[in-house]
1. Is it the case, given these coordinates, that F52 is over 30 Å from R86 (Cα atoms) and either out of contact with any Phe, Trp or Tyr (no Cβ under 9 Å at 6 or more places or on another chain) or of a type in the set (F, W, Y) (or both)?
2. Could you list all residues from the stretch 69-88 that are within 24 Å of W19 (Cβ to Cβ), surrounded by 15 or more Cβ atoms within 10 Å (Cβ to Cβ) and touching a residue at least 12 places away in the same chain (Cβ under 8 Å)?
3. Test K30 against the criterion of being out of contact with any Asp or Glu (no Cβ under 7 Å at 6 or more places or on another chain) and modelled with pLDDT of 80 or more, and give yes or no.
4. Under 7 Å between Cβ atoms, which residue pairs at least 6 apart in sequence (or on different chains) link something in the stretch 29-58 that is in contact (Cβ under 8 Å) with a residue 24 or more places away in the chain and of a type in the set (D, E) with a partner that is in a helix (DSSP H, G or I) and surrounded by fewer than 12 Cβ atoms within 10 Å (Cβ to Cβ)?
5. Based on what the data block shows, is D112 over 17 Å from Y79 (Cα atoms) and acidic (D, E)?
6. Please go through (1) touching a residue at least 60 places away in the same chain (Cβ under 8 Å); (2) surrounded by fewer than 16 Cβ atoms within 10 Å (Cβ to Cβ) for G145 and return the number of the only condition it doesn't satisfy.
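The values are calculated or read from the model by the stated rules, or taken from the named source; none is laboratory data. Here the structure is a predicted model, which is why all the values come from computation and not from measurement. Here the Cβ positions follow ideal geometry from the backbone for every residue, glycine too, while neighbour counts run over all protein chains shown.
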Amino acid sequence: MQGRKVKPISFETPDLFRWTGQDVHEALAKPYEEITEHGVREGVDPDSAAGFLMRTALDAQVSSDLIRKAVRQQPLAQYPGSPLARDLAMVASMIRAGLKTRVYYVSLGGFDTHSGEGGPNGRHSQLLQTLAEALHAFYADLKAGENDKRVLTHGVQRIRPARGAERLGRHRPRHRGPDVPGRPDGPPGPDR
C-alpha cells in the first residue's frame, strides 16, 4: 500500500516500531537522544541532508511514541486470541487515541485451501469463523469508544489465476458460470 503524499508504516507489534540502535551498540543512544530531543542541531543548515535526517529522526520518534502509547491502552472489548484479532485491537486503540491515520490495513491469509476446504468444519470455515470473531470484537471495541460510526471496513480478496492458466491462455478467475449476466463469459449485463 502506498500513498501519493504519505509513505505508510508497517509493524506487527508496537515493540518493533521503535528505534533499536542502542540494541546494536550503546554508543548510538546518546547522539540519537540529542537529535530526538532537540531536532536539528545548532549550526546545521536545516535544508541540508543532515538537517533533513535530523528532522526525519525526530518525526519518526514522535510518531513511534504516539503509536506505542496508543496501543498500550487496554481494549474496550474482549478479543479472541488470533493474530488478526490482535491486529484489529491495535487498530481500534489507535483510532480511539485519535491518531490522524485514515487507512489501516490488516490481513488474514490462508484462504487458498482448494481441496482442503472441508465443508462446515474445514479450513475455509475455520478462517471465516476467525474473521467473524475478530470483526465482532473490533466493532464492539469501536462502539464502546464511540468510534463505530466513523469506521468503514473493506475486505479484499486477492485471486490468483488457476495453476497453469497462463500457460493455457485462460486469464479469467475460475468458478464463473456462463449464465451470470455481466460476467466476461456470460450474457451482457447492465454495464455492457
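1. Values: over 30 Å from R86 (Cα atoms): yes; either out of contact with any Phe, Trp or Tyr (no Cβ under 9 Å at 6 or more places or on another chain) or of a type in the set (F, W, Y) (or both): yes.
Yes.
2. Applying the first criterion (within 24 Å of W19 (Cβ to Cβ)) to the stretch 69-88 yields 69-73, 86-87.
Next cut, surrounded by 15 or more Cβ atoms within 10 Å (Cβ to Cβ) only: 70-71, 73, 86-87.
Result: A70, V71, Q73, D87.
3. yes
4. Note: no pairs meet the criteria.
5. Numbers: over 17 Å from Y79 (Cα atoms): yes; acidic (D, E): yes.
Judged against the criteria, D112 is a match.
6. (2)
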